[in-house]
Amino acid sequence: MKEESGNYQPYSYFQLMEVSLRELLVEKGIVTDAQVAEEVEAMRKRTPAVGAGVVAKAWTDPGFKARLLADGTLGCIELGIEVAALKLVVVENTPDVHNVVVCTLCSCYPRMLLGIPPEWYKSRNYRSRTVREPREVLSEFGLQLNEQMKIRVHDSTADMRYLVLPMRPAETDGWSEERLASIVTRDCMIGVAVPKSH
Amino acid sequence: MGGLPAGKVEPTEHDYGEWERRVDALMVLLSGGKGGKRLMTVDELRKNIEALPPDAYDRMGYYDRWVTSITQIMIQRGVITTEELGLKMAEIENRGQSPISAKAS
Amino acid sequence: MKSGSAPDFPRFKPGDVVRVRKAYPLGHIRTPFYIRGHSGVIERICGTFGNPEELAQQRSGEPKQPLYRVRFQQKDVWPGYKGNPGDVLEVEIFQHWLE
């Protein structure tokens, strides 16, 4: 909700809860407003561009790709990405296997690499159906997979977080890492889309 | 809810408001991240979300559920009391938006 | 196997066939309902982590539990599954839910 100065809207019940909780915690010395503001800014900097950089690096550096697939967390650390408690598993799309990620229990997501999850990732419909009818769900995102393609669904139920390493499109020879990263969308790294070179 | 019948996936997006981002930040700090004191676990967050009434999923937004859960945990752990929270909510409602929260919103 | 007192070393290795316990206790449980009672193959050992059933109740989560990624065949999990017969589903499951 956006408020203009001089045109305040009343708080919703839950906004009122947020302000109240936060003020109580600040009064008790448990958090400071500065800490909250700092974390808000840190989270704002975590966007799918971070994940796209990891993918583009893997596409251009086979040694890095091998290390990333062996241990996603170490791969991120190697690129200087702050991972905190992230335990990352990178799953690779191939001509035979397409990977897609869901969390049926809540909304586990590689936030350090992709930011806050999109609304639909947390929706009942996505969470209920992706484990059972992945092909139908993907087609609702406009991704039609051929019948020979095997789908591997990852239900992110506990401590690991998943990033899909999409296939590099064929027509991208000679592209810079930066240009490659520009075609790697958030949805490609969740597995509900594939990168397109045009 | 995995495997239960459900409708078509609408690829909806939502631009998170500042208060929602602050709820997210509180969760990180209270879980012991970023120099915060560890006063909750993500499993408690989930448990208290699961404990919401069955229609909460349709009726409440994502961060509505989070702020409710985090507040419940702080009460359960004795960090704040129900009475303090009630008084604070009334105070803020009477105050209207404080300059700080108006600026930060 | 008792989760409260079990040692935290992995009992299974990649390739082992395991069955998810078919049990419906109360509490906070990270084993999805839909996979309970189904058999799959250990894909990898993820490490050991605090037991979420304990962590959710303001306790320490000790002893830590080995966590596995278990691969299930979709056609085994869902009666009448319509996709490619080679489609799979991978789920993280803590050791005390496996037998």
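The numbers here are math on the coordinates, done by the rules we state, and not lab data. Everything numeric in this text was worked out from a predicted model, so none of it was measured. Counting neighbours? That spans all protein chains shown, and the Cβs are built from the backbone with ideal geometry, glycine included.
Within 10 Å of each residue's Cβ, count the other Cβ atoms and sort B:Tyr16, C:Tyr68 from fewest upward.
Fewest-to-most ranking of B:Tyr16, C:Tyr68: B:Tyr16, C:Tyr68.
So what's segment A:131-198 giving for Cα Rg divided by 2.2 N^0.38 Å, two decimals?
Here the Cα radius of gyration is 1.24 times the empirical estimate.
Neighbouring Cβ atoms within 10 Å as the yardstick, rank B:Thr12, A:Thr157 fewest first.
So the ranking, lowest neighbour count to highest, is B:Thr12, A:Thr157.
Taking the 0 to 90 degree range and rounding to the nearest ten, how far is the long axis of helix B:18-30 tilted relative to the main principal axis of chain B, both from C-alpha atoms?
Helix B:18-30 sits at roughly 80 degrees to that axis.
Express the Stokes-Einstein translational diffusion coefficient of the protein assembly as shown in µm² s⁻¹, to the nearest whole number, given a Kirkwood radius over alpha-carbon pairs, 25 °C and a viscosity of 0.890 mPa s.
Roughly 109 µm²/s, to the nearest whole number.
Using a ≥ b ≥ c from the Cα gyration tensor of segment A:38-132 (square roots of the eigenvalues), is it rounded, prolate or oblate, where a/c under 1.5 gives rounded and otherwise the larger of a/b and b/c decides, a/b for prolate?
Since a/c reaches 1.5 but b/c is at least a/b, the shape of segment A:38-132 is classed as oblate.
What range in chain A is the longest one free of trypsin sites (Lys or Arg not before Pro) that are in a loop by DSSP and have at most 16 other Cβ atoms within 10 angstrom?
In chain A, the maximal stretch lacking such sites is A:29-195.
Can you give the net charge of the other residues whose Cβ lies under 11 Å from the Cβ of B:Leu4, counting K and R as +1 and D and E as -1?
Once all neighbours under 11 Å are counted, the net charge is +4.
Angle, helix A:48-60 long axis vs. longest principal axis of chain A, Cα atoms, 0 to 90°, nearest 10?
Around 20 degrees separate the two axes.
Give me the inter-chain shielding for A:111-122: mean count of other chain Cβ atoms within 10 Å, whole number please.
The per-residue average across the peptide is 3.
When chain A is treated as a GNM, springs tying every alpha-carbon pair under 10 Å, which of A:Leu180, A:Leu68, A:Leu145 comes out with the largest mean-square fluctuation?
Of A:Leu180, A:Leu68, A:Leu145, the most mobile in the Gaussian network model is A:Leu145.
Step through the table entries A:Lys150/C:Lys82; A:Lys45/A:Lys122; A:Lys45/B:Lys34; A:Lys150/C:Lys75; A:Lys122/B:Lys47; A:Lys28/B:Lys37, compare each Cα-Cα distance with 18 Å, and write down the pairs that go over it.
A:Lys45/A:Lys122
So what's the back-of-envelope 222 nm ellipticity for chain A, counting only DSSP H runs of four-plus at -39500 (n - 2.57) apiece and dividing by all residues, rounded to 500?
Result for chain A, helices only: -11500 deg cm²/dmol.
With no solvent and one equal point scatterer per Cα, compute the Debye intensity ratio I(q)/I(0) for segment C:17-97 at 0.12, 0.21 Å⁻¹ and report its log10, rounded to two decimals.
Here log10 of I(q) over I(0) equals -0.38, -0.97.
Looking only at GluC sites (Glu not before Pro) in DSSP loops with at most 13 other Cβ atoms within 10 Å, what is the longest site-free stretch of chain A?
For GluC sites (Glu not before Pro) (loop position, at most 13 other Cβ atoms within 10 Å), the longest site-free span of chain A is A:1-81.
If you restrict to DSSP beta bridges whose two residues both lie in the protein assembly as shown, what percentage is antiparallel, to the nearest 5?
55 percent
How shielded is C:67-78 by partner chains, expressed as the average number of their Cβ atoms within 10 Å of its Cβ atoms?
Shielding by partners across C:67-78 averages 3.
Are there cysteines in the protein assembly as shown with no other Cys C-beta under 4.7 Å, and if so, which?
Those would be A:Cys76, A:Cys106, A:Cys188, C:Cys46, since no other cysteine Cβ in the protein assembly as shown comes under 4.7 Å of theirs.
Averaged over all directions, how much area does the convex hull of the C-alpha atoms of chain A cover when projected, in nm²?
14.5 nm²
Taking segment B:7-37, which trypsin sites (Lys or Arg not before Pro) meet the DSSP loop condition and have no more than 11 other C-beta atoms within 10 Å?
In loop regions of segment B:7-37 (DSSP not H, G, I, E or B), the sparsely surrounded trypsin sites (Lys or Arg not before Pro) are B:Lys8.
Among the trypsin sites (Lys or Arg not before Pro) in segment C:49-99, which ones are in a DSSP loop with at most 15 other Cβ atoms within 10 Å of the Cβ? Mind listing them?
Loop-located and lightly packed - C:Arg59, C:Lys82.
Nearest 5 percent is fine: what portion of the DSSP beta bridges confined to segment A:46-190 is antiparallel?
Rounded to the nearest five, the antiparallel share is 0 percent.
Just to confirm a number: summing +1 for Lys and Arg and -1 for Asp and Glu over residues other than A:Leu113 whose beta-carbon lies under 15 angstrom from that of A:Leu113, what do you get?
So the environment of A:Leu113 carries a net charge of +4.
Shielding by partners for A:24-33, please: the mean number of other protein chain Cβ atoms within 10 Å of each residue's Cβ.
Partner-chain Cβ atoms within 10 Å, mean over residues of A:24-33: 5.
Taking the Cα atoms of segment B:18-95 alone, what are Rg (to one decimal) and Dmax (as a whole number) in Å?
Cα-based Rg and Dmax for segment B:18-95 come out at 13.0, 36 Å.
Which net charge results when you count Lys and Arg as +1 and Asp and Glu as -1 among the other residues whose beta-carbon is under 9 Å from that of B:Asp43?
Surrounding charge for B:Asp43 is 0.
Dipole magnitude of segment A:1-145 about its Cα centre, charges +1 at Lys/Arg Cβ and -1 at Asp/Glu Cβ only, in debye to the nearest 20?
440 debye
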